[in-house]
Structures are given as C-alpha cells and as structure tokens.
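S.K.: Submitted below is the structure of interest, expressed as structure tokens.
The values are calculated or read from the model by the stated rules, or taken from the named source; none is laboratory data. Nothing here was measured: the structure is a model prediction, and the numbers come from that model. Cβ placement follows ideal geometry from the backbone for every residue including glycine, while neighbour counts extend to all protein chains displayed. We work out accessible area using only protein heavy atoms, side chains counted, and drop any ligands, DNA or RNA first. Shrake-Rupley method; radii C 1.70, N 1.55, O 1.52, S 1.80 Å.
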Amino acid sequence: QVQLVESGGGLVQAGGSLRLSCAASGNIISINIMGWHRQAPGKQRELVATITRGGSTNYADSVKGRFTISRDNAKNTVYLEMNSLKSEDTAVYYCHSVGTLVRGPITIPYDVWGQGTQVTVSS
C-alpha cells in the first residue's frame, strides 16, 4: 500500500503565502506523477499542479505565476509553494500520486489520494 501524508494548510490573509507538503510512503518503486488538486465548497475537484519524475510541470491557468510545484525524489515528497493567495484559492487541497509499488514478487501500479488539507484565505 501507498500512503500520502499532507501538511502545511491553514488560514492566511489575502496576499499571503503557504507551503504544502505531501510525503508518500510504502513499498514504492517509482513515482511517475505527483500533484495537487483542490475542491472548494459546492464545486468539483480541479487540478492545481502536477510534476513528473523528470521535473516537467503543469499548472492550472488560475495559479500560473503564483504557485510553484516541486518534488524531492529521494524523499518521495512533493511541495506546493503558494504565493499571492486570493480568497478564491480557499479549498481543500488534495495530494495525488501515481507510480509503481512492489507487492511480494510482483510490481503493480498505484494511484492514490491524500486525505486533504484545508487552505483558507481571508479577504
């Protein structure tokens, strides 16, 4: 099994910054993609940013220039640096990871989500 542990959410004023972290643990062989999604009240979950093992990144248009995603492959950890936060960034942020794990003599793909961490931006 693979588990994702998120941290770093909280309450911040508009214009402020927060840094989210997500560490993956388990019988992981490799992690292909790690990323962050968010879900605001009454809205569907949406992609925020993703990063591949090689470092290629993808961002939602709404966060480009304000958020930066990075990862530490040695620690199986992904980070989301959020700057110039706006009230519309308020949401539960979910970490997502896709990769390969080992189970006994075989390797199998995995696709897991974290529990979510609340980010609240006050205006």
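S.K.: Report the relative contact order of the chain, percent, no decimals, based on alpha-carbon pairs under 8 angstrom and at least 6 residues apart.
M.R.: Reported relative contact order: 36 percent.
S.K.: Cross-link candidates for K43: which aspartates and glutamates have Cα within less than 13 Å, leaving aside residues fewer than 8 places away along the same chain?
M.R.: Within the straight-line limit of under 13 Å, K43 reaches these aspartates and glutamates: E88, D89.
S.K.: Report Rg (one decimal) and Dmax (nearest whole number) for the stretch 16-63, counting Cα atoms only, units Å.
M.R.: Just the Cα atoms of the stretch 16-63 yield Rg and Dmax of 12.9, 37 Å.
S.K.: Quick one: if the Förster radius is 22 Å, what FRET efficiency do N27 and S70 give, using the C-beta to C-beta distance and rounding to 0.05?
M.R.: My answer for the efficiency is 0.35.
S.K.: May I ask for the net charge around G9, where only other residues with Cβ less than 14 Å from the Cβ of G9 are counted and Lys, Arg are +1 while Asp, Glu are -1?
M.R.: Every neighbour counted, the sum reads -1.
S.K.: Round to a whole number: what % of the accessible area of the chain belongs to carbon and sulfur, probe 1.4 Å?
M.R.: Of the solvent-accessible surface of the chain, carbon and sulfur hold 47 percent.
S.K.: Work through the residues other than A23 whose Cβ is under 14 Å from its Cβ and net out their charges, Lys, Arg +1 and Asp, Glu -1.
M.R.: +1
S.K.: Rolling a 1.4 Å sphere over the protein heavy atoms, what is the accessible area per residue of the stretch 66-121, to the nearest Å²?
M.R.: 47
S.K.: H37: net charge of surrounding residues, Cβ under 10 Å, Lys/Arg +1, Asp/Glu -1, itself excluded?
M.R.: Once positives and negatives cancel, what remains is +1.
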